[in-house]
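Okay, structure first, notes after.
The values are calculated or read from the model by the stated rules, or taken from the named source; none is laboratory data. Every value quoted in this text rests on a predicted model; they were computed, and no experiment measured them. Note: ideal-geometry Cβ built from the backbone for every residue, glycine included; neighbour counts use all protein chains shown.
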Amino acid sequence: MPLFAIMLGATFGALVSLQPINDSDLFWHVATGRSTLELQLARQDTFSWTIAGRPVLTDQWLGDAILAAGFALGDWRGVLAIRVIAVTLLVTVITATALAARPGRPSVAIAAALPAIALSRFAWTDRPELLGLLCFAVLVPLLRGGVRELLLTIPLLFVWAQLHGSYALGLVLVLASCAARALTERRERWRFAPIAAAAIVATLIGPSGLASWTSSGGHFLAPPRYIAEEGVPDTSTVPGLLFAITLGIVVATALLSRWSVSVRELALLIPVLFVSLTALRYTPFFAIAAVPLLAERLFDPIARWRQQRKSIVDDRVRGAFIALAVAALILAIARADGRVDESGYPRAALRAVPAGPGLLNRYEWGGWLMDAAPATPVFIDGRLFPFVPTVLDDYRAILNAHMGWEAVADRWGVRTMLVRPSDPIAIRAPDRGWRVAYADAIAVVLVR
Amino acid sequence: MSARRLAPLLVAVATFAIAVAGAPSDSDMYWHLASGRWMVDHREILRSDVFSSTVMGQPYSVGEWLGEIVLYLAYAWGGWIGIVLLRGVLVAIGAFFLTRAALRSGAPVLVALPLVILALVLSTIVWTDRPHLFTLALFPLMLDLLIAARAGAVRRLWLVPPVLLVWTDLHGGYALGLALVALFAIDAVARRRQPLPFVIAASLGGVATLLDPASIGLGAAAAHAAAPPRFIVEESPPDVLTPAGALFALFILGTLSVALRAGGELIDAVVIVPLLYLGLSAQRDMPYFAFAVVPYLAARTPIALPLLTAWAERIKQPRAALPGVAVGVAAMAIVALAGLPAAPDESAYPTGALAPLRQRTGAVLNEYDWGGYLIWRAPDQPVFIDGRLTPYLPQVLADWNTAIRLGPGWRDVLERYHVNTVLLRPDRPLVGALREDGWRATEGEKNWVLLSRP
């Protein structure tokens, strides 16, 4: 692994320790993972009162368990440490991939890696998704390698399928790569069928089995658009603009380049581009997949003045730098704020929320409530799919004060509502006799 | 005559036949027509609002006065059939020049035509009866003109300033045409091949767009492209999981695939990349990216996929094929002309609410996309808001949103604008709240409800 890549990775790893711990999905991931660590894989819901006892997905059990293990070892600082390590590895792998494609050109490698680092920045959250992104970054150089590297994708897919649903994209790419190689390497095409079969089997060996495919398929083919990160890439937002710029750079580079790429390279880039176009959260995948292409073809403005020098970095210097990077990361984790940033959560409103079932809460507060008010089961939370369609539809009908919302609230037996002051129901429910038990700039508690 | 020479005409006629099949139904068409009628009746350009209760008398301009007048004159000449025919002719002009541009590289007809057809299918999302149609016709015209000029027919560049002069008053999309000319001028300067005519054409074209102060300015056009109003469906970013979005994605994937296999020239990069950005920024701009890449794909697909091209060239055309296709296309056009829709499709509008609405007094709060319809069909009842959008920014639009979504202060909005009547879709939160508050409801068949203050 090039030292330059490690140092850049450590730099970004240290920087990401400054990011507060506040992701709304983190809390339900940790709660679920805690159950797994107690050797009770959470196959039924135990956190809500609307789907209590019903089956829930276990497709991210390992990702959840890693986050819970981080929490068990070091409280929220342990979770932050996982983020720091994951981002360090992610940036290191991306940069190393760029350097491998354009050896000895760190300036070009940085330029090629920058769009991927910038876009992946929006996924540097405390979720299994970050681990999935890391797996994808590892997959890209493996797919560009030989048969041995292709074989290594099988154990990678096995682990990835337990971490996060994005493994489905990895599986598609491995299959596409096998097909492309079978087409172009005709003499040895027989090799690729068993590799493809093993890749498929590797994703099925897990507690979810075939169910993990349905979860991934649901996300990829029918993303729930009302969740911001599942929306289409929007050029009027920073991540959407970055994606459009990245795509523009890749297209311009391809148009102005004189080299023709292989079918294998196309089999990697084209499916990833389509997936990235489907939803904002998938845009980093394309930027990461395009890193080798950009590194190989980007213009090197200082090539004329560059002199070939023998590397002055021997193993001792390298070891010293790596030790320095590790020390810097440990220091960054130790000095980071290890508490949850609750500025966006209704902490003060909790004293007006009674224990027991009957609470209708905002979607994005559900996970946090599992941690902050474990005696009060939630109406809905970020796990989403178990709540689709009935609970989610009813939640939206009540929250937006749609026609007949009172009947819906009656049917469920909603006794309390914890919503934002700007929600239509916060305006409408007091008109219909609900009492405002608590109100501040973040939340309103309404009691029947 | 060869298939190559006849193809643009055949594609144009076939496209015309398909384009005239649908009845007018666009929600913005009505206020464009009303604006055109006002200007023809008053013999002056409409510079202030005369249709709403919220911004009545306030100055505004959508800058498409000539497009609105032409649209209204088509209506005055032939009723709704006039509107349909205008749509068919403009779409056919676009199809004609797009096909010519695709075939200029010498690509086999069987490679170029599928690309043209796919781009035209994508463009159906903007086959709406608005001044936008003029941009749909003029963009391919300008593209073909510039490609021809780059290939040596430099004299045609003298057409650029007059085309831009007229385009500027027809539709705000003229900025696309001007940008296209500027990009070709950059390419000519970079290549050092006859840069002067291109630079002069771009400069005079730029001046031509500034001559009419009543047009929408370049700054406003650029601002609209940079920050599209997302709550309007056509202004939202492309969703590749919809049919049109999937087609757009197909063009992106195809362009990248061909570029990676066959490369391109500077002109390809300077034209395709900005239009790719534009297409990604709003659904309504997706067709212009497709139009821009069709000539590139037609030229380079044979290099990227030589086997496909060899196959296409090997296909022997039966002697009767071309006359057969020509007769078929002519028959399509005759059938289409015989069955022209003579009335608009108003099934999406609150037609049944018009009669009770006329008996109401006081201001009416209406759905955004019904505003134009009400301007045309109930001209005595000023609207709260409509598709012209700009006169309502920012305050009226914000207030309208507050009211219909039951935001904080929604009652104040109704009081401030003296709203006595509400005409909305039944699932709006405001409808439920007003019913509960005792407003009298007149039910629509399925898609509207009219509420009156008790």
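Quick one: how many residues across segment A:239-281 are part of a helix (DSSP H, G or I), of a type outside the set (Gly, Ala, Ser) and free of Cβ contacts under 8 Å to residues at least 40 places away in the same chain?
Of the residues in segment A:239-281, 9 are part of a helix (DSSP H, G or I), of a type outside the set (Gly, Ala, Ser) and free of Cβ contacts under 8 Å to residues at least 40 places away in the same chain.
When you look at B:ARG261, is it more than 10 Å from every other protein chain (Cβ to nearest Cβ) and either farther than 17 Å from B:ILE117 by Cβ or not basic (Lys, Arg) (or both), yes or no?
For B:ARG261, the condition - more than 10 Å from every other protein chain (Cβ to nearest Cβ) and either farther than 17 Å from B:ILE117 by Cβ or not basic (Lys, Arg) (or both) - is not met.
Go through segment B:267-277 and give me each residue that's facing chain A (nearest Cβ under 7 Å) and within 20 Å of B:ARG191 (Cα to Cα).
Answer for segment B:267-277, where residues must be facing chain A (nearest Cβ under 7 Å) and within 20 Å of B:ARG191 (Cα to Cα): B:ASP268, B:ALA269, B:ILE272, B:VAL273.
Among the listed residues B:ALA244, B:ALA201, B:ALA249, B:ALA208, identify the single one that is assigned to a helix (DSSP H, G or I), within 12 Å of chain A (Cβ to nearest Cβ), out of contact with any Asp or Glu (no Cβ under 9 Å at 6 or more places or on another chain) and farther than 19 Å from A:THR237 by Cβ.
B:ALA249
Just name the residue that is surrounded by the fewest Cβ atoms within 10 Å (Cβ to Cβ) out of those in segment B:275-317 that are of a type in the set (D, E, K, R) and over 21 Å from B:VAL233 (Cβ atoms).
So the residue we want is B:LYS316.
Can you tell me how many residues in segment B:280-320 are away from chain A (no Cβ under 14 Å), more than 27 Å from A:LEU266 (Cα to Cα) and in contact (Cβ under 8 Å) with a residue 60 or more places away in the chain?
Residues flagged as away from chain A (no Cβ under 14 Å), more than 27 Å from A:LEU266 (Cα to Cα) and in contact (Cβ under 8 Å) with a residue 60 or more places away in the chain within segment B:280-320 amount to 2.
Applying the selection to segment B:84-127, what residues are at pLDDT below 95 and among the polar types (S, T, N, Q)?
Correct list: B:SER105 only.
Restrict the check to segment A:412-419 and report whether at least one residue is within 13 Å of chain B (Cβ to nearest Cβ) and either surrounded by 15 or more Cβ atoms within 10 Å (Cβ to Cβ) or touching a helix residue (DSSP H, G or I) at 6+ places or on another chain (Cβ under 6 Å) (or both).
yes
Scan segment B:138-158 and tell me whether some residue there is under 12 Å from the mean Cα position of the chain (by Cα) and assigned to a helix (DSSP H, G or I).
yes
Which members of segment B:411-435 meet the condition of being over 34 Å from the mean Cα position of the chain (by Cα) and within 7 Å of chain A (Cβ to nearest Cβ)?
Matches in segment B:411-435: B:GLY432, B:ALA433.
Just give me the residues in segment A:246-266 being within 8 Å of chain B (Cβ to nearest Cβ) and farther than 30 Å from A:ALA182 by Cβ, in sequence order.
Result: A:GLY248, A:ALA252, A:LEU256.
Being facing another protein chain (nearest Cβ under 9 Å), assigned to a helix (DSSP H, G or I) and closer than 21 Å to B:ILE147 by Cα, is that true of even one residue in segment B:221-232?
Looking for residues that are facing another protein chain (nearest Cβ under 9 Å), assigned to a helix (DSSP H, G or I) and closer than 21 Å to B:ILE147 by Cα, one finds none in segment B:221-232, hence no.
For (1) surrounded by fewer than 19 Cβ atoms within 10 Å (Cβ to Cβ); (2) of a type outside the set (Lys, Arg); (3) not in a helix (DSSP H, G or I), each residue gets a yes or a no:
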{"site": "B:ALA403", "(1), (2), (3)": "no, yes, no"}
{"site": "B:VAL413", "(1), (2), (3)": "no, yes, no"}
{"site": "B:VAL422", "(1), (2), (3)": "no, yes, yes"}
{"site": "B:PRO426", "(1), (2), (3)": "yes, yes, yes"}
{"site": "B:LEU430", "(1), (2), (3)": "no, yes, no"}
{"site": "B:LEU434", "(1), (2), (3)": "no, yes, no"}
{"site": "B:THR442", "(1), (2), (3)": "yes, yes, yes"}
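Can A:PHE122 be described as more than 25 Å from A:THR214 (Cα to Cα), assigned to a helix (DSSP H, G or I) and aromatic (Phe, Trp, Tyr)?
Judged against the criteria, A:PHE122 is a match.
Answer yes or no: is there a residue in segment B:130-148 that is buried (at least 23 other Cβ atoms within 10 Å of the Cβ), at pLDDT below 95 and more than 23 Å from B:VAL84 (Cβ to Cβ).
no
Scan A:THR203, A:THR235, A:THR214 and give me the residue that is more than 9 Å from chain B (Cβ to nearest Cβ) and buried (at least 20 other Cβ atoms within 10 Å of the Cβ).
A:THR203
Per-residue answers, yes or no, for (1) surrounded by fewer than 17 Cβ atoms within 10 Å (Cβ to Cβ); (2) more than 21 Å from B:LEU170 (Cβ to Cβ):
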residue: B:ALA19; (1), (2): no, no
residue: B:SER52; (1), (2): no, yes
residue: B:MET56; (1), (2): yes, yes
residue: B:PHE97; (1), (2): no, no
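Taking helices (runs of 4 or more DSSP H) that fall entirely within segment B:1-119, which contain at least 2 residues that are within 28 Å of B:ALA363 (Cβ to Cβ) and of a type in the set (Ser, Thr, Tyr)?
Correct list: B:27-42.
In this structure, does A:LEU242 turn out to be more than 7 Å from every other protein chain (Cβ to nearest Cβ) and either surrounded by 18 or more Cβ atoms within 10 Å (Cβ to Cβ) or touching a Gly at 6+ places or on another chain (Cβ under 6 Å) (or both)?
Yes: the conditions hold for A:LEU242.
Which of the following residues is charged (D, E, K, R), at pLDDT 90 or above and closer than 26 Å to A:HIS219 by Cβ: A:ARG411, A:ARG362, A:ARG415, A:ARG383?
Step by step, each of A:ARG411, A:ARG362, A:ARG415, A:ARG383 is checked, and only A:ARG362 is charged (D, E, K, R), at pLDDT 90 or above and closer than 26 Å to A:HIS219 by Cβ.
Quick one: which residue in A:GLY33, A:GLY9 is more than 30 Å from A:TYR363 (Cα to Cα) and either assigned to a helix (DSSP H, G or I) or polar (S, T, N, Q) (or both)?
A:GLY9
Results for (1) without any contact (Cβ under 8 Å) to a residue 40 or more places away in the chain; (2) out of contact with any helix residue (DSSP H, G or I) (no Cβ under 6 Å at 6 or more places or on another chain); (3) on the phi > 0 side of the Ramachandran plot, shown as yes or no for each residue.
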{"site": "B:LEU170", "(1), (2), (3)": "no, no, no"}
{"site": "B:ALA175", "(1), (2), (3)": "no, no, no"}
{"site": "B:ALA185", "(1), (2), (3)": "yes, no, no"}
{"site": "B:ALA190", "(1), (2), (3)": "no, no, no"}
{"site": "B:PRO195", "(1), (2), (3)": "yes, no, no"}
{"site": "B:SER203", "(1), (2), (3)": "yes, yes, no"}
{"site": "B:LEU211", "(1), (2), (3)": "no, yes, no"}
{"site": "B:SER215", "(1), (2), (3)": "no, no, no"}
